[in-house]
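The values are calculated or read from the model by the stated rules, or taken from the named source; none is laboratory data. All of these numbers come straight from a predicted model, not from anything done at the bench. Cβ atoms come from the backbone with ideal geometry, glycine included; neighbour counts cover every protein chain shown.
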Amino acid sequence: MFLKKGVNPVVVLFGVTVPKLYLINYRLKLQNRAIRVLTHSSYGADANELLTELGWDNLETRRQKLKAEMVYKSLNGLTPNYLSSKFILRGDVITSYNLRGFENKLAIPLPHTNYYKNTCSFGYSGAVLWNSLTSAARQATSLTNFRRLLIKSDMAFM
């Protein structure tokens, strides 16, 4: 229990609160080192096997799950207005008709630069991530249910 709640969230929080691209390699090394220390493994041990043994997600999957949770909270009024206003449902923007494939999908804002598209925009990357979720996950009725559906899915949309 300590492994799941004690060490991994610290590494992930470090990853979420400081979203600098040049720190990704450092965070990955930090997680791999923590895994090896906690499992008393040698430096040459495969970190991916140790991740599976501990039941942890890799950092990128964990970040994507946290981002998906934040989008869910934003769409359901569980965040401040400055986050909630970043997302608009597709049906509200494009048409008032009930079209196939539009259930709880978000309108994706047009990125003006690749920098905006790839790195710094929560509005863009969150909308793309949300639209790639399963229909069941997008229609979850509670945050707990949404988290359960995220755990069930293997995040194959990444």
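Descriptive notes on the structure:
The rows are residues; the columns are (1) modelled with pLDDT of 80 or more; (2) among the basic types (Lys, Arg); (3) assigned to a loop (DSSP other than H, G, I, E, B); (4) exposed (fewer than 13 other Cβ atoms within 10 Å of the Cβ).
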{"position": "Asp92", "(1), (2), (3), (4)": "no, no, no, yes"}
{"position": "Leu99", "(1), (2), (3), (4)": "no, no, yes, yes"}
{"position": "Asn118", "(1), (2), (3), (4)": "no, no, no, yes"}
{"position": "Gly126", "(1), (2), (3), (4)": "yes, no, no, no"}
{"position": "Leu129", "(1), (2), (3), (4)": "yes, no, no, no"}
{"position": "Ala137", "(1), (2), (3), (4)": "yes, no, no, no"}
{"position": "Arg147", "(1), (2), (3), (4)": "yes, yes, no, no"}
{"position": "Met155", "(1), (2), (3), (4)": "no, no, yes, no"}
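- Where Glu103 falls short, out of the listed (1) surrounded by 12 or more Cβ atoms within 10 Å (Cβ to Cβ); (2) at pLDDT 90 or above: (2)
- Taking first residues from region 55-66 that are in contact (Cβ under 8 Å) with a residue 60 or more places away in the chain and under 19 Å from Trp130 (Cβ atoms) and partners that are among the aromatic types (Phe, Trp, Tyr) and surrounded by fewer than 17 Cβ atoms within 10 Å (Cβ to Cβ), the Cβ contacts under 9 Å between residues at least 6 apart in sequence or on separate chains come to Gln64/Phe157.
- Scanning region 38-92 for residues that are of a type in the set (Lys, Arg) and over 20 Å from the mean Cα position of the chain (by Cα) yields a single hit, Arg90.
- Every residue from region 13-51 that is over 19 Å from Thr61 (Cβ atoms), modelled with pLDDT of 75 or more and assigned to a loop (DSSP other than H, G, I, E, B): Thr39, His40, Ser41, Ser42, Tyr43, Gly44, Ala45
- Remark: pairs (first residue in region 22-41, farther than 18 Å from Gly55 by Cα; second residue assigned to a helix (DSSP H, G or I) and not hydrophobic (A, V, I, L, M, F, W, C); Cβ separation under 9 Å; 6+ apart in sequence or on different chains) = Leu23/Gly15; Ile24/Gly15; Ile24/Glu60; Arg27/Gly15.
- Those residues of region 55-72 which are surrounded by fewer than 17 Cβ atoms within 10 Å (Cβ to Cβ), modelled with pLDDT under 90 and in a helix (DSSP H, G or I), in sequence order: Glu60, Thr61
- Filtered residues of region 67-85 (kept if touching a residue at least 12 places away in the same chain (Cβ under 8 Å) and within 22 Å of Ala136 (Cα to Cα)): Lys67, Ala68, Glu69, Met70, Val71, Tyr72, Lys73, Ser74, Leu75, Asn76, Leu78
- For region 38-50, filtering for residues that are within 17 Å of Asn25 (Cα to Cα) and surrounded by 15 or more Cβ atoms within 10 Å (Cβ to Cβ) leaves 1.
- Any chance Leu133 is among the hydrophobic types (A, V, I, L, M, F, W, C) and modelled with pLDDT of 90 or more: yes
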